[in-house]
Every structure is written in C-alpha cells, then in structure tokens.
Amino acid sequence: MSEERILPYTYLLLRLPSGAPRVVRLIPDLTISLGKFGSFPSNALLYRPYNLTFDILDPPAVGLRLVSAEEVTRDILGGGEDTEAEGTGHYDLEIAGESEEDGGEVMRTNKETVDDPLSQKLSWTEIEQLKKQGAGSGRDLVQRLLESHTAIHQKTPFALQKYTLRKTKKFLRRFTVLPLTVTSLTTYLLDTKEPIKILEMRNETIALMLSLANVHYGGRYLVIDESGGLLVSAVAERLGLLEYTPTEPEESKEEDTTRKRCPDTPLPTANTIALIHPNEQPNLSLLKYFSYDTNNPTTSHPLHTHLRTLNWLQLVDPNADISLQRPEEIPVETLATFKGGKRSAYWRKHRRWEKTSRIVAEVQKGGFDGLLVAAFMDLKGILRHAVPLLKGSAQIVAYSQNRESVIELADCYSAARKAEWRNEGEEVADDEDGVGDPTIVLAPTVHETRVRKWQVLPGRTHPVMTARGGAEGVVFAGTRVLPVEGKVEARGRFRGQKKRKDDSNDDDSEVGVDGRGEMMPTSPLKKVKSDI
Amino acid sequence: MSEKSEPDMAPTSKPLPPLSAFLHTPESIPYSSSPSIIHLKRDLLVPLSFQSNDTEGPETHDARAAAYSSKGVLNTRFGDFPHSSIVGIPYGSQVRAAPATNNEQNRKRKRKEDAGGAATAEPVSSGFLHVLAPTAELWTASLPHRTQVVYTPDSSFILHKLQVRPGSVLIEAGAGSGSFTHAGARAVYNGYPDGRSGVGKEEGRRGKVFSFEFHKERVQKLTDEIGRHGLDGLVEIVHRDVCKAGFLLKRKADELEEERDVSPGATAVFLDLPAPWLALPHLTRQTCPTPSLPTSTGLTPSPSPGPSASAEKIGESTATVTAIIPLQDLLDPSSSAKVSIKTEDGTITILDDKVSNETFDSAKPSALSSTETVRICTFSPCIEQVTRTVSVLRKLGWVDIEMVEVQHRRVEVRRQNPKGYEDGAGPRTVGEAVQRLKWVGEYREHKRERDMADTTSTRQNPTEAWKTQNSREKKGAKDGKIVTRIEPEIKSHTSYLVFAVLPREWTAEDEAAAQALVNQTTKGVVNAPVDGDLKGNGKLRWGGEKEEKLLSKRQIKKAERGKRKAEERRVKAEEAMEDESAPAANEEVGEDIPSADDGNDDMEVDG
C-alpha cells in the first residue's frame, strides 16, 4: 500500500490521447499492442509507478519515453502555454492598429474562413507514409500537417489550437497508465463496453450508494448485485478487500492442498460481504480485474474469505435446495476401504455442504450492517426478503436503471401504506410481489445524482458540450427500524398548515396519522421553527 | 450546554475508550457522550447523547438539542421521552412517548392550545420517534452548522474520486463544521492506532485524517466533537492557516527534543478554502516547502516583494515533475533537481517574508506521501477560483485535471387521487367538462321552470351531482396514480470540484532500480522507458536468441496447460450453468492472452 508500483499480472488501464481507455493485463515478457498507436514490451512498464504518461518510441527503437507532466499539460492545452500565461487574456481579441474608431480592439472571427477540403495539402497516402516513418512519436506528423495546411493563417488562434489538439489526439502515440480501480473500471465499462451489463451505474451513483449505505471497514454487508460484480468490488474496495498482489497463475496443484485447509480456518465475522444471487452460481466476472476469479478462486485473496455467496433458493426456501441436504455419512472404517479418488470426492462433497450450510445459516441469522442492491430483478421482492435480515438502524440502498421501479418501491413504504398495514394487518400488503411489512423501513427517499463535467481553459471555461445519456438510474435509500408493538399514532398539530376540508381522507390527515413517512410538502425548517 | 470534559475522553492512563458508535454500532443504546440521532420526522433529526441520572444535567451538544431536552427528558411535539426509556434498547427502535408530564414545555404548549380553542378537546395520543445509530450522513443532516457544509452527494463523490480507502491518509483543509471530516474518517478507517478492541489489521498503515482549520473557536468545538464521537486517533485537528504555514505537523520525539516538522504523508487532499491556490505550493513533491510559487501578477492578493532571483530555465531535461526550488538549492551543487520557472518578468515572487525565511530550511519534508500517487480535490463555489486553482495546479505538475459539479436532487413520490383529481381541481377531461357544463345548463333551466311553477320538487345541485358521480375518495393506499416531483428546494449549485493527480516522483535512480528489478524477475525481453536523461541504459533491443527460445518453450507449456484448464473450466461451466459472461479461456495461447473482454489482440506473443 505504501509503495504503488505496477506489479506483474495486474490489470492496467491505458488511456490513449483520444481519451479511449484500453484494459490490459501486464504479463512480463510480452508485447503490448495498442493498434495503430504502436506496440511496446510489457517489461517497460513493470515496477514503474502509475499515472505516468509515456510516448511509444518510433519503430526502429522499441520502448517508451517518459513524458514530463509539463509536456503533457502543454499538449493538452494544444500548445497553448502562452495563452495560459496570459491568464484571463482573450485570445480571440487582437489589437488592430488601423481601426481606431473601433477602439483599437477587433474581434477576430471566422468571417473570412472558407471551408475547403483541399486546404490540407497532404493526401491520406502521404499521411500513412509519414505515420510509418515519422519521428517524435507522431509529433512530427502533426507538425507536417500544420505546415501543409494552406488556410492555417486564416484560423483564429482558438481554431488553430483546436485544430492542433485534434490532430495531436489523432496521431500522437502516447498513453497514460492508470491503475484499474472501481472508479476507472466504471468509466471504462460505461464508455467503451456494454454499459447495460453494469446497469449503467455511474461513478457518482456508486459513490452515493456507498456513502448512504454507510459502508466502512469492519461492517457486514448484504449485497444483491446483478452488475457482474461491480457493486461487490465497490464495496470490497471500501472494506480494503481488493489489496492483493497477484502472482503468476500457476500452481494448480498447490491450490488443492490449500483448499482443503480452508474450511477449518474460522471465517471472519466482520468486514464481510454476503452476496445473494439469482442463478445457481454468482456472476462476479468483473472481479477478475482485481485478480479474483470466482470459478477458480485464489485462496490467498482477501475476498476468498470475506465474500460469501448464496442464491435466493438457499435463503428463501433452504429445505428445497439439494446442495443443502446433508450428504450421506459414511463411517470412517468404510471410508478407509474406498479408493483414493472416491474418498476425496466424499470429503469434497462434505466440505462443500459444510461451507454452504454455514453461509446460509449465517445469512439467515441476519444482523447485517447495510443492504446494497443493484438489480434488474424487481426491487420490492428483494427488499421483502432482505430487509428483515438487517439490524436496527442499518441503512438500505437500492438502485435500478429505471426510475419507475425505484419510485414504485418508494411508494410501497408510503405513509398511507404503513397506516394501512398497521390498521388492517398483514392481509393488506401481503401479496406476493409486495414488500411485506412496510413499517420496518423509515424515511424512504429517492436520490438522483449526476455529475456535470466542465472544460477549464483560460477564457474558455464552460460545461462540456455533450455527455452520456441513457438510463437515468435513481437510488432508493431508507433505514431499517424496529417498530414497537401495538398501535402508534403520531401526535402534534399538523392542522395549522392548511384549512381542513370536510374530506377526511385528504393528504393532511395522512400526515396526522403518520407524519414520518409522508413527503412533507412544506419546508421542514418552518415546522421546526414553529415547534420550538 | 456544558463544555466540561467527559470521563470517556480522559487521557491514556485509563483503559482505552470504547469504539466510536459511528464505526461500530453498539448492541444497544448506551449512556455515552457520543450522540444518537433522534429521528422525529423526515428531515427533522436531532443529535442527542444520553447521560445517566447521576450525572448532573443532560449533555446536549447544540442549542437545538438543548431546546428539546431538559432534566433527562426529551420534549418534542410528538410527546415526552425520558432518556431512561431510550437507553438500553437496540438502535433503530421506535420509541413511544411517555404519558404527558406536567413540565414547563407542556404547560406552555397547553396554554397555547387553550388560546387556540377547540383543538384541546382532542385526546392525547401517543406519539413516537426513532433512535438511530449515528452515521456520517445522519450527522451531516443534523449537525450544528458553523459554516457551509459539504453535503453527502458531494462528499461521497469526492471520496470516491480521491480513492480514499481504508489505510489512506487524508488531508482536509478548512474543516468547517466537520461534516466532511466524519465522512473522511469513515473512509480511511481500518482500526485505531492504539489497537483499541483489537479491531483492524495487524500490519500496514492505519488510515488517518489530518484536518486543518484556522478559526480558533471552530477548532475547539471540532476537537471536542471528535473526542466525544470516539474518533480521536483517527482524526487530528490542527489549528493553522495552511495557506501561510503549510501542512507539516509539529511533533516532539521526546520531551527534550525540539519540535520537528513531520510529514503527514498524505495520499489524498481535500481543500475547502477560499483561495486553494495559496495552499497548493505547500503540496509539492519536493523535500522542502516551496511557497515561492511563481505567479503572474494578480494571482496572489498582496504579494510583498521577497528575494528575487532570475530563473534559470533548463527545459524538460528531467523526468521529474517540474519543480520550483528556492534560491539556496539552486546554488547548491549537490542538488540534482532542475528548475524551470517561468514568470513574466523572470522573477520569483515570494508571498510573504516570513514564509520566505522558512524556505531556506531545506530539511523540511514534503507533506505528501513520497511513494504514492496523490489525488487532490478543491471545493470552490466560484468559477474564478476554479480557473486560478487549475492554472496553479498545471504549473505545479498536477495532471488529469478535471472540473465537475455534482447535481443532486431528491425525488418525492406520492399518489394522486383517483382519476388524477387534485384538491380543488375541476374536471379532468374534456368529456367531463362538457358533461358538467351540460348539467349546469340543464339545472338552470330546471330551476327557472321550478321558480315559475313554484313547486317543491327539487333536483340535485349540479355540483353535488357531479361529486357523487365522480368520487374523489381514495379507496386504499394503492389507489391513484403514482406521481413524482422534485423536492421543493434543490441545491442547484454547491461548489465546483477540481480534481487532479500528482504522480509519484520518478527519478533516474528510481528508474535504474526498477530496471534492475525487471532484469532480475523477468526472462529478458527488456526495454526500459527511456527519456532524454535516462538514455544510455543500453541500446533498445529485444532479448537475444536464447531468451526467445526459452520463451517459446514456456509458451508451448503454457498453451498446453491453458488448453487443459479451459477444458476443465468448460466442463465445470456446463455443470454449473453459469453465467454467459464468464471468461472464456483462449485455447491458442492459453493464459497469456488477457482474458479481458476486449480480447481484440491487445497483446500478442513476442517472436
């Protein structure tokens, strides 16, 4: 932790000048190819720090050149170091001495610019040629492009800068090495891969969920994750469970011996994640980026002991699950007569059963510190089964990519529903797809969060022009509470707010019955003031 | 509101204090100085700590809580709750109000109600509240505001982007009300440094928050709060103006020794300051503070002329981040670092004479972790602050500079009345409107006829008739369409967040060491990253023939093994009917092909 280096067999994220990310696994003694940007030996990155920027050397030479931060910044600004120094200077304004009546300052515009595809004299074959033999990791090519552009003098400084930047992005053979963390993985999956597989969860959504669910070191968390393991990795990162130094994926023989030892060691009771999954096996494929493969788990990885998985059948109806049926006991004497293979199969079966039943028992006992849900499945049913497993005051967050399902869920915990449940008992809300007892969730809230990016350049600061659309997921948050037995009624004078109607069933009366669950239409501060 | 010190936060002679309720929820609500959060109703939260009866006077932490609590009883408009009825039950419990007592609050309320009239006749029903375990979010929502608070949507995103994890060291400047301090402490927590209750890892660094604040009163209150919340040891509050004095900690190794400057070794920095660019020069990689930020005029509010030296510009000859070194180091021949200072007039402007004296103490360490990437976030409401900050960050060698704002809204969910009737609204469809107008016309006609005939036969009033036909009454909680709206008041702008990354310093020696390590551990296809200065590490070439052969043998073996494994895995997968997105092993090159989903030949075998 105190020394951050690129270690062998870790996954890295290489960001190209165009902003496109590439995920590669750093295996020593290989060539990493970045397509048209060239290739370099993986050893050149080994044991070097993260977040540095490198140029890929031109073909005869092989290797990388470390680019200083100053140079990176200069190229990002499009060679605009001078404009940067000017600070607030308006680059588009220039002093035109002749036109004195205008006050000497004239806005240079694109009035005279003519669109002409022929203004670039280099043909694409020439560009290809240059690309092959060009020097300076593509910088040479950019320079040639600028030189051979006939209308370059007509461009305003801003346009010129933009042009340079565009060409730089296209031809510069440069990349930045970033660590593959939950943050960068999310960005990568959202922008380049299939975002639907991670339910189009954005970084700000994940961050908000982790905070609202009070995820911190030492807690026990119940997770329902259908995003391929992204939510699990996010929680694991906050629990410090992703710190692992990967080794060469060999020693398959040794693994067997270690696996035998594993169930006997006491499993940790704190700082754990319990995952409930809908299929027989969990889909945690994204954990491979953090060197953990659920199909072939590394026993030394912290997740091996701190992550438990069980499926819905094992939770809801454990008696119906075959894997939870106790395997036949064979006396030791009989066992001794078995052949080696058969005997080890027997023990393996036994161990698996022991492990599964222990996990199921542990989860069913409940007492979790928080619940995090990101699912395609209906949230109501999930919460119906999961919320009772939480301890009092535990936080609940649930995410769906469709706001409708979250809103439907929030409605299930409305004041009216709670009142109905209290008055009429279980038969009211007890349909199969409901949430069950609504009174065990306090203050249901629906959060919507979005980060807006800005471009910061001297004199040209504004929000970026385009951003990702797609699903606008929202987060449901609530608190698990322990309601008292018997009838409860809220007290206090709520009637001063609005003149009451004869109608005994309007909104005000609901507030009277149960002021807590209702969305308050007026500012709560006003109420506090009137109250104290 | 008493400020006396608590027995819980007594010095080390006593047994170690309990774990913070913020980090480990106790089984039941204890008598403690640490607050519980009383949830009266939505958005009305009060932090309150419960004191046993033998302690004189209840301990309340702010005026609002004091208004509620008197003599061991919590008085709210939802009823009175003696502390004894709350303590001892589990967190998250709903608590019913005690029968009304004849205390002053109730008497006052009664008088008011009497004046109000009829409402007093209503029998007193039992109100309730919920007692919740404290979390950073609940604390943010209920804390006594001393300054503008960093709210959860912002703080969560900041901590996520700064990659604050258990074991991180976080610097926070401008602690303010302590909202972000609590969130930060939770994020870095991986056990107490004093090993309290044996929680936490055996080895490795313990996470810590260093919180700087220049307002004396706020520092006192915050220190008191942190102590009461059991976060001492995880959070260190320092009273200082970081723009002037930097981030180094004053520590004494022992009683005799003089105070030394110790680096906090930060891996993440959060600056909530009015002028973050003034604090940035204290956050560089160099082993000495560099407050002599070369600025174009206007960047610093009142730069007093300090010692000036003409800057020597030596291009990008080092692989290191551009650094600004004070004069003395320039003259020091042993200093290997190169200097590249660009100011308009070629002079270094020093902010303050006092500071400039400090710069000559070259023994000062950097406040940042020397071997890790450092991430920074500044939090400023104005765009002018952002442009200045970004400009200085760029000068100081920070990369990946990004500016965002977080837009957060809460969505309110409710049910409409059946058919979408809102209170007092008229017809909902054109058809209804037409029908109603027809009725009105008919009724008027009818009324005229009746007046003329003067009969007693009555026909229903159209409004009444319409109401009986179109009942607006809700039949149950599931009646009516679900509608949403945004909360009545949104925080449309909190602040702009500037993020930046400072990679670790990478010198020629580091590069040589890394290269040596590579040579040791790999099979020999070795090429170093080369840089202007780092050249001479040998010609750039692939490994010799021998290595290649060796490699290819290994490749064959690996490929075979990979095939076997893939076979096994496939069988396993079929049995388990596992998910489609499990990585499919590549048969040709086995595990040397990264199983990344983007397997578009990102890597290929050499040779």
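What separates the Cα centres of segment A:279-294 and segment A:297-313 is a distance of 10 Å. Sequentially through segment A:449-463, phi angles give Karplus couplings (6.51, -1.76, 1.60; θ = phi - 60°) of 9, 8, 9, 10, 8, 10, 9, 10, 9, x, x, 9, 8, 7, x Hz, Gly and Pro residues having no value and appearing as x.
If R₀ is 41 angstrom, what is the calculated FRET efficiency for the pair B:Ile89 and A:Ala20, using the beta carbon separation as r and rounding to 0.05?
Given R0 = 41 Å and the Cβ-Cβ separation, E is 0.15.
Annotation: amide H of A:Leu275 within the under-5 Å range of A:Val223, A:Arg308, A:Thr309, A:Leu310, sequence separation 5 or more or interchain, hydrogens built in the peptide plane. The listed peptides B:268-279, A:355-366, A:21-32, ordered by packing as a protection proxy, come out as B:268-279, A:21-32, A:355-366 (highest mean of other Cβ atoms within 10 Å first).
Straightening the chain between B:Glu384 and B:Asp194 buys 64.0 nm, computed as 0.36 nm per residue apart minus the Cα-Cα spacing.
Each residue of segment A:168-180 was assigned a 3J(HN,Hα) from its phi angle through the Karplus expression (A = 6.51, B = -1.76, C = 1.60, θ = phi - 60°), giving 4, 4, 7, 10, 5, 9, 9, 8, 10, 8, 10, x, 8 Hz with x at Gly and Pro.
Averaged over A:384-395, how many beta carbons belonging to a partner chain fall within 10 Å of each residue's beta carbon?
Details: counts 0, 0, 0, 0, 0, 0, 1, 6, 14, 16, 6, 5.
The mean count of partner-chain Cβ atoms within 10 Å per residue comes to 4.
By how many nm would the segment from B:Glu236 to B:Glu27 grow when fully extended, if each residue of separation counts as 0.36 nm and the alpha-carbon distance is taken off?
Extra length available between B:Glu236 and B:Glu27 comes to 72.5 nm.
At an R0 of 60 angstrom, the distance between the Cβ atoms of A:Thr125 and A:Val316 translates into a FRET efficiency of 0.35. Taken as Cα centroids, segment A:173-209 and segment B:480-507 sit 17 Å apart, rounded to the nearest whole angstrom. Taking amide H positions as modeled 1.01 Å from N, with prolines and chain starts lacking one, the residues under 5 Å from B:Val483 and 5 or more places away or on another chain are B:Arg414, B:Arg415, B:Gln416.
Report, in listed order, any pair from B:Lys216/B:Lys491; A:Lys162/B:Lys491; B:Lys208/B:Lys364; B:Lys221/B:Lys250; A:Lys391/B:Lys491 with a Cα-Cα distance greater than 23 Å. Violating the 23 Å Cα-Cα cut-off are B:Lys216/B:Lys491; A:Lys162/B:Lys491; A:Lys391/B:Lys491.
Taking amide H atoms as placed 1.01 Å from N in the peptide plane, the amide H of B:Ser32 lies under 5 Å from those of B:Phe50, each 5 or more residues away in sequence or on another chain.
Given R0 = 25 Å, the distance between the Cβ atoms of A:Lys193 and A:Ile359 translates into a calculated FRET efficiency of 0.20.
Peptide A:462-475 has a mean of 1 when you count, residue by residue, the C-beta atoms of other protein chains within 10 Å of its C-beta.
Per residue of A:34-42, count partner chain C-beta atoms within 10 Å of its C-beta, then hand back the mean as an integer. Could you put the intermediate results ahead of the total?
Working: counts 1, 3, 0, 0, 0, 4, 2, 10, 6.
Mean shielding by partner chains, rounded to a whole number: 3.
Sorted by average packing, counted as other Cβ atoms within 10 angstrom per residue and highest first, what order do A:234-244, A:381-391, A:309-319 take? Before the final figure, lay out the partial values.
On the way: A:234-244: 23.5, A:381-391: 20.2, A:309-319: 16.5.
The peptides rank, most packed first, as A:234-244, A:381-391, A:309-319.
For a paramagnetic label modelled on A:Glu472 (point 7 Å from Cα along Cα→Cβ), amide N atoms under 17 Å away belong, within segment A:168-201, to A:200-201. 3J(HN,Hα) along segment B:211-227: 10, 9, 8, 9, 8, 5, 5, 5, 4, 4, 4, 5, 4, 4, 4, 4, x Hz, from the Karplus curve 6.51 cos²θ - 1.76 cosθ + 1.60 with θ = phi - 60°, whole Hz, x for Gly and Pro.
A short reminder: the numbers here are calculations on the coordinates, not readings from a lab. Keep in mind that what you see is a predicted model, and the values were worked out from it rather than measured. Using ideal geometry, Cβ is built from the backbone for each residue, glycine included, and neighbour counts are taken over all protein chains shown.
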